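The next block holds one structure in the form of structure tokens; read it before the comments.
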Amino acid sequence: MSLNIAVMISGSGSNLQSIIDAIEKNSLKSEIKIVISNTKNAYGLVRAEKHGIKSRYLSKNNYNSPREYEEELLEILNNKKIDLIVLAGYLGIVPGEIIKHYKNKIINIHPSLIPSFCGKGFYGLTVHEKVLEYGVKVTGATTHFVDEGVDTGPIIMQEPFKIEDEITAEELQKEVLKIEHKILVETLGLIENKKLEINGRRVLIRR
């Protein structure tokens, strides 16, 4: 099943690129209808342009009220007939009305094994610094559905990474990013093929 996807970003857009590459290789059947960034100079917008994908810079700071921003975002998504929203390194908070309107149709990628090292303030290099500070032996990445909390929605996929003693936070970030790219594309494939079933907090994968 082909999906109309909106990808929301804040930075370089490497996870966006992994989706673009998978679509261009026909590993995914879906189409990215729009890329939305809440950062004006995000490199992810350049990636979209290079591949002929429409994009928008949309920041709630440019609106008179949260409601005005919410209505504009919803209008864009409706106009593009979006089936699925992918948060790919998006550092903003998705408005509650959008979450309600797209219930179980918004997914996020996070660079740790949720529920560890997630929630408010856990993004970017900070996640990996905290992982090393705590001294855990395994980290990884998680895809999950988005609900009203921060990194609290039902988990779809997780893949671990064993931590070596001498690794730096920057090196760890690069290794986990490879996992992010992999499981994000795999998650989209499962959704395309209607392989997921949500049962409470559990997401069952029908192979």
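The numbers here are math on the coordinates, done by the rules we state, and not lab data. Given the structure is predicted, the values throughout are model-derived calculations rather than measurements. Glycine gets a Cβ as well: all are built from the backbone with ideal geometry, and neighbour counts include every protein chain shown.
Data overview
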| item | result |
| --- | --- |
| Under 5 Å, built H, 5+ apart or other chain: amide partners of Gly140 | Leu113, Phe161 |
| Cα-based reach from Lys50 at 19 Å (exclusive), listing lysines while leaving out same-chain residues under 8 positions away | Lys25, Lys33, Lys40 |
| Whole-Hz ³J(HN,Hα) from phi, Karplus 6.51 cos²θ - 1.76 cosθ + 1.60, for the range 146-155, glycine and proline x | 9, 10, 6, x, 9, 6, 10, x, x, 7 |
| Spin-label pair Val150/Val138, simplified geometry with 7 Å Cα→Cβ offset, distance in nm | 2.7 |
| Within straight-line cross-link reach of Lys60, aspartates and glutamates at Cα separation under 19 Å, skipping those fewer than 8 residues along the same chain | Glu68, Glu70, Glu71, Glu72, Glu75, Glu97, Glu148 |
| Rel. contact order, % - alpha carbon contacts under 8 angstrom, at least six apart, the chain | 20 |
| Placed amide H near Ile36: partners under 5 Å, 5+ positions off or other chain | Val7, Met8, Ile9, Arg56 |
| For the range 1-70 and the range 156-173, distance of Cα centres in Å | 26 |
| Share antiparallel - DSSP beta bridges, the chain, percent rounded to 5 | 45 |
| Radius of gyration and maximum dimension Dmax of the range 1-100, Cα, Å | 13.1, 42 |
| Built amide H within the under 5 Å cut-off of Gly89, gap 5+ | Ile109 |
| Three principal axis lengths of the range 100-206 [C-alpha, angstrom, descending] | 42, 25, 18 |
| In the range 72-164, lysine pairs with alpha-carbon atoms under 17 angstrom apart (chain gap of 8 or more, or interchain) | 7 |
| Reach of Lys194 by Cα under 15 Å, taken over aspartates and glutamates that are not fewer than 8 positions away in the same chain | Asp83, Glu186 |
| Extended-chain gain in nm, criterion 0.36 nm per residue less alpha-carbon gap, Leu91 and Lys103 | 2.4 nm |
| Relative contact order [Cα under 8 Å, 6+ residues apart], the range 1-60, whole percent | 38 |
| Helical contribution to [θ] at 222 nm, DSSP H n ≥ 4, -39,500 (n - 2.57), averaged over the chain, rounded to 500 | -11000 deg cm²/dmol |
| Relative contact order of the range 110-207, defined on C-alpha pairs under 8 angstrom at six or more residues apart (%) | 27 |
| Paramagnetic label zone (point 7 Å from Cα along Cα-to-C-beta, Lys29; backbone N under 12 Å) in the range 175-207 | 189-195 |
